[in-house]
1. Return one whole number: the accessible area per residue of segment 208-308 in Å², for a 1.4 Å probe.
2. Ignoring ligands, DNA and RNA, what percent of the accessible area of the chain is carbon or sulfur (1.4 Å)?
3. Where in segment 280-349 are there GluC sites (Glu not before Pro) that are in a DSSP coil and have at most 13 other Cβ atoms within 10 angstrom of their Cβ?
4. Based on alpha-carbon centroids, what's the gap between segment 14-85 and segment 236-279 in Å, whole number please?
5. Any idea what the dipole of the chain comes to, in debye rounded to 20, about its Cα centre with Lys/Arg Cβ at +1 and Asp/Glu Cβ at -1?
6. When every alpha-carbon pair in segment 285-377 is counted, what percent end up more than 23 Å apart?
7. What percent do you get for the relative contact order of the chain when only Cα pairs under 8 Å and 6+ apart count?
8. Looking at segment 1-100, which GluC sites (Glu not before Pro) are in a loop (DSSP not H, G, I, E or B) and have at most 14 other Cβ atoms within 10 Å?
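The values are calculated or read from the model by the stated rules, or taken from the named source; none is laboratory data. All values reported here derive from a predicted model rather than from experimental measurement. Cβ placement follows ideal geometry from the backbone for every residue including glycine, while neighbour counts extend to all protein chains displayed. Calculation scope for accessible area: heavy atoms of the full protein, side chains included, ligands and nucleic acids excluded. Shrake-Rupley method; radii C 1.70, N 1.55, O 1.52, S 1.80 Å.
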Amino acid sequence: MRFSPQSQTIQRCAACGTELSELDARSRCDCGGLLEALEPRPSLSGKALRALFGARRANAQGVLASGVWRYRELVAPGATDAEIVSHPEGNTPLLVRPAVTRFAGVESLAMKHEGHNPTGSFKDRGMTAGVTQARRVGASAVACASTGNTSASLAAYAAQAGIPALVVVPAGNIALGKLAQSLAYGAKTLLVRGDFDACLALVEQASRELDVYLLNSINPFRLEGQKTIVLELLEQLSWQPPDWIALPAGNLGNTSAFGKALAEARELGLIDRLPRLAAIQAAGASPFAQGFAEGFRERRRMKAETVATAIKIGDPASWDRAVKAIAETNGVATAVTDAEILEAKAAIDASGVGCEPASAASVAGVRKLVREGTIRPNESVVAVLTGHVLKDPGILIAYHRETDPPPPGANRPIEIDADLRAVERALRG
Ligand code: F0G
């Protein structure tokens, strides 16, 4: 079942099938299963639905100026304009840079740069939907556990909605730009002595016992917003799907959202074939890639370790949904080393595009999958860059200035006296 059997959106437990109303604020089904949002089937499909989305894109008025709410039939059709908390967000570019295409080893590579969202990551697409839902259920406070981007986004959208926000992050393991954002936007910020997986367990407990509305990606409405990354990139390609969509994978919310978006887009005749998903993890935080290699025989967990702190997650919450997304799209999951991530990041950065470390996993993953023959060089690929280059200045400075010997893409700053000859030496050197 892809759409709601009723004329309203419902929430349905993926484990036991129990149905909850759209405005039920529980973060999980009572059986412990994850909830899925099912919208009523839109009255339009195929060409007519594509034309409706296209007309809104051309007009860009009010909430429809958002690259999320332009697709509102597939996000939260019950939400009124007055309820919607939108920056606006989305409308992110699809970038082609020959140097990155060559690096990846394919003929056609486009980068969907979600770092162009208001708080600098794709999380804004889920958060506009999630905080809108918080407003609709009358939440008195909202909370999330995060590796940094979700918390930055929640802090911003909660501030806009005037709802107090609590963010729970692993102390010492979140990039500087992200921590700074959460403080700036005024969220109560808890630095937990523990990893992300411990933060998520803690915040789930808080949502059950302290009456705060949970806005991690286990919240089904977040994923409905994130589906629009796929809808928007398909629209930018005139609804001609690429052969592959590659994305970094941590807690697996985005992988799940992509699978759902693609299945719905095909069912509604927006596209006539499915791209294959490639979910890319960091080698030190790769339970899903391991699971894929074993045919998803069992759910894997590990103690996570990687420079890409955004995806430093050992026990991904959306495992089952993501397995479904990979199965339905004939997709793959793989892992890349920290060195491969940093090399891909240096190539993306040096092309003038730039992204945070976790985002570069997508391009590193494409390169690996091409080298091992899974992606053929003549297949078309969209790689999703999930976060902005300035999210993690610490990694940049370490890579360019402090690593010895200098890594291949290092661009050492040169300290000089205020002297023209020194400038000349630097110029010629
Ligand atoms: N890329 C970036 C930049 C992220 O921040 C995240 C997740 C991902 C990729 C992976 O997405 O978890 O849906 O598989 N960041 C979360 C956070 C966990 O708290 O900001 P996922």
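1. Averaged over the residues of segment 208-308, the accessible area is 32 Å².
2. 52
3. Qualifying residues, ordered by number: GLU294, GLU298, GLU305.
4. About 17 Å separates the Cα centre of segment 14-85 from the one of segment 236-279.
5. 520
6. I get 27 percent for the Cα pairs in segment 285-377 exceeding 23 Å.
7. 16
8. Here the sparse-neighbourhood loop sites are GLU83.
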